[in-house]
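These notes are about the structure you will find just below.
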Amino acid sequence: KVVLRVRGNFHATLRLRGIVYDQYSDKYWTVNRRSKRHLLVTKKGKHRPQPRLSVEYVSGEQSRYFIPLNSSYLTTPNERIQINDTGIAFPLEDETPDIIEFSIHSSKALVVARPRKIDVAVPKKLRAPLKKLALQWTKGSQSNLQKLLALTNHLKREYRYSLSFKRPRKKDPLLDFLLTNKQGHCEYFASSLALLARTLRIPTRTAAGYLVSEYNPLGKYYIARERNAHAWVEAWIPGK
């Protein structure tokens, strides 16, 4: 089922984020911060940076827009949206998402909140085994960026994406994924990378939304379907 239509040109797979999680506990990610939304007036102007992209709502989630990190110069038909401190856009309370247009321009992007203690927190029962793995996988890495790349590359090499697997009920599913049955879907990969990095004091959050890569040559737009729902990691590296 088609959820979104995307028009415009982009060079890599587009990640449209709709929610950002910061707390992991009891096998699930949640939103810990009490983030206030502020009103953003999105009047159209002649001097918007190019290229411009647009995301059109088709079906599914009606409480938020889906836009990439570093979105800037946003425009909507009614010229008003709400923004929270993780750069997520919402329609007003009495409205549903329609079409949102934007540029990807990091110097003018929506502000993303700086790290807090919760962004390096790891559940107590997971801290020791995850830190042991993280130190092994990042041996020889110096900067936080090098450590993140080392963790990412190890997950790519040693683990397999799968939607068909079983987990023992009494064992933590993340530990089972990392230490025993090394296969799972995107949430396992994202959760592992985020929490492994946190044991090294690298602030991380997990984002969820859609990956966009399917092109419709007849309509000349891209499509995000329900099956393109995805989770990934956002890490705080100063200057990046």
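The values are calculated or read from the model by the stated rules, or taken from the named source; none is laboratory data. Remember, predicted model here, so these are calculated numbers, not experimental data. Quick reminder, even Gly has a Cβ in these numbers, built from the backbone with ideal geometry, and neighbours come from all protein chains shown. What goes into the accessible areas is simple: the full protein's heavy atoms, side chains included, and nothing from ligands, DNA or RNA. Shrake-Rupley method; radii C 1.70, N 1.55, O 1.52, S 1.80 Å.
A few comments on the model shown:
- Cross-link partners of LYS1 among lysines (Cα-Cα below 28 Å; sequence separation of 8 or more within a chain): LYS166, LYS220
- ³J(HN,Hα), Karplus 6.51/-1.76/1.60, whole Hz, each residue of the stretch 26-37, x for Gly, Pro: 6, 6, 9, 8, 9, 9, 7, 5, 9, 8, 7, 9
- The stretch 89-236, relative contact order in percent, only Cα pairs under 8 angstrom and at least six apart counted: 22
- With contacts taken as Cα pairs under 8 Å and at least 6 residues apart, the stretch 9-84 reaches a relative contact order of 45 percent.
- Neighbour cut-off at most 16 other Cβ (10 Å), DSSP loop, GluC sites (Glu not before Pro), the stretch 80-148: GLU93, GLU95
- By accessible area with a 1.4 Å probe, ligands and nucleic acids excluded, highest first: order of HIS11, HIS38: HIS11, HIS38
- For PHE10, solvent-accessible area (1.4 Å; no DNA, RNA or ligand), Å²: 40
- Between ASP94 and LEU40, the contour length at 0.36 nm per residue exceeds the alpha carbon distance by 17.9 nm.
- Set against the labelled values (1) 1.19; (2) 0.98; (3) 1.04, Rg/Rh (Cα atoms, Kirkwood Rh) computed from this structure falls on (2).
- Vicinal HN-Hα couplings computed from phi for the stretch 51-65 (Karplus, 6.51 cos²θ - 1.76 cosθ + 1.60; Hz; Gly/Pro x): x, 9, 10, 9, 10, 9, 6, 10, 7, x, 4, 10, 9, 7, 8
- Stokes-Einstein diffusion coefficient of the stretch 51-133, Kirkwood radius over Cα pairs, 37 °C, 0.692 mPa s, in µm²/s: 220
- The string of couplings for the stretch 168-178 from the Karplus curve (6.51, -1.76, 1.60, θ = phi - 60°) is x, 5, 7, 9, 4, x, 5, 5, 5, 4, 6 Hz, one whole number per residue in order, with x for Gly and Pro.
- Listed residues ASP22, ASP94 arranged by accessible area, highest first, probe 1.4 Å: ASP94, ASP22
- Rolling a 1.4 angstrom probe over the chain with all protein chains present gives an accessible area of which 50% lies on carbon and sulfur atoms.
- With all protein chains modelled, accessible area of VAL122 [1.4 Å, Å²]: 20
- Heavy-atom accessible surface of the stretch 7-70, averaged per residue, reaches 66 Å², computed with a 1.4 Å probe.
- Under 16 Å from the PHE10 label point (7 Å along Cα→beta-carbon), backbone N, the stretch 49-70: 50-58, 65-70
- Distant-in-sequence amide contacts of LEU69, defined by a placed amide H-H separation under 5 Å and a gap of 5 or more residues or a different chain, comprise ARG17.
- Per-peptide packing, taken as the mean over residues of other Cβ atoms within 10 Å, places 71-84, 219-232 in the sequence 71-84, 219-232 from highest down.
- Accessible area in square angstrom per residue, the stretch 92-240, 1.4 angstrom probe: 59
- When only alpha carbons are used to place a centre, the stretch 146-225 and the stretch 1-16 end up 20 Å from one another.
- For LEU14, distant residues with modelled amide H under 5 Å away: VAL212
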